[in-house]
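The values are calculated or read from the model by the stated rules, or taken from the named source; none is laboratory data. Remember, predicted model here, so these are calculated numbers, not experimental data. Positions of Cβ are generated from backbone atoms using ideal geometry, with glycine treated the same way; all protein chains shown enter the neighbour counts.
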Amino acid sequence: MKFAVQYPIEQHGRAPEFGDAEGIREFVRIAEESGLDAVALSEHPAPSRKWLASGGHETFDTLTALAFMAGATARLRLIAHLLVLPYHNPLLAAKALATVDRMSAGRLTIGVGPGYLRSEFAALGVDFTARNELFEESLRVLTRVWPGGPITLSGRDFEAVDQVQSPPPVTQPAPPLWIGGNGRAARRRVVEFGQGWSPMISPPSQAAAVRTAAISTLDELANAIADLRDHWDRTGRAGVPEVFTTVPGIEAAYATGDFDEYRYTLDRYAAAGVTWAMVRVPAASYPEAVAALRTFGREVVARSESGH
């Protein structure tokens, strides 16, 4: 199991330091020192006030922030989780992502999804009803242009004729693409375009809010991962796909100082096929957050590496 910390800008009531350059720099350095494998940031460039008031969260510009974090670290992977591809012209997205991959010496992992906030699509001038079409167009462009091109491809809103990606990303033939969404369409896209899957365990009401299928239990997630791996194998893909999701229980472990139950839960998720866990730290106090990072490194990462 590998571990990515969600950068706390996305948590309600977070300390102001998480919005400052020095706070960002110090946090990712400590995450790296503590043995975590990655830091993750989502994308919401134009959230509505209503969405924020009802539980939505603020974000940075994802790729700008990840590029900044790359300069403060040497090993930590940088995960976009999730980038909403329909918001972007696919060739501009390919260029920006390739640039971050180069600036980080090949440490970028790109989680992507079709998006779900109708008001944000409207604010950005993107047709919400076309989001799945636009998403798959972008996946085709990214995976075809990153090896260097040239590509000729007609899209819904673009016409690429003999276009190239120069310079291409460091990671060849492409940086890792992890596809978000719980349904069969997401798993099909993983097999066709990607290297990983980013599902979430969520009850039907929460799944409906983000316009995806419900996966309510770990057993349901395990069955979905088995379905993904079966499709992966039948199409001749080598290895196994990465699976990245949030593993519950870390808040209780921080509160009590007892990590045994959380480690047991991690083992159950690993047995189900999860390869990456996203974790959070308490964010109301910056010193408390960095202390939690160090505790996580000691109580979870180090023990995971030693097999205890």
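For segment 58-68, the count of residues that are of a type outside the set (A, V, I, L, M, F, W, C), exposed (fewer than 15 other Cβ atoms within 10 Å of the Cβ), over 30 Å from Tyr264 (Cβ atoms) and without any contact (Cβ under 8 Å) to a residue 12 or more places away in the chain is at least one. Among the residues of segment 69-81, is any touching a Pro at 6+ places or on another chain (Cβ under 7 Å) and at negative phi? The answer is no, given that none of the residues of segment 69-81 is touching a Pro at 6+ places or on another chain (Cβ under 7 Å) and at negative phi. Can you find a residue that is surrounded by 16 or more Cβ atoms within 10 Å (Cβ to Cβ) and modelled with pLDDT under 95 anywhere in segment 190-201? Scanning segment 190-201, I find at least one residue that is surrounded by 16 or more Cβ atoms within 10 Å (Cβ to Cβ) and modelled with pLDDT under 95, so the answer is yes. Check every one of the helices (runs of 4 or more DSSP H) wholly within segment 178-248 and list those with 1 or more residues that are over 20 Å from the mean Cα position of the chain (by Cα) and of a type in the set (Lys, Arg). Per the criteria, 218-234. When the criteria are applied in full, Gln165 meets the requirement of being assigned to a loop (DSSP other than H, G, I, E, B) and surrounded by 18 or more Cβ atoms within 10 Å (Cβ to Cβ).
If I filter segment 141-163 for residues that are free of Cβ contacts under 8 Å to residues at least 60 places away in the same chain and within 26 Å of Val274 (Cβ to Cβ), do I get at least one hit? Yes, segment 141-163 contains a residue that is free of Cβ contacts under 8 Å to residues at least 60 places away in the same chain and within 26 Å of Val274 (Cβ to Cβ). Once segment 269-287 is narrowed to residues that are free of Cβ contacts under 8 Å to residues at least 60 places away in the same chain and loosely packed, with under 14 Cβ neighbours inside 10 Å, the residue that is farthest from Glu22 (Cα to Cα) is Ala271.
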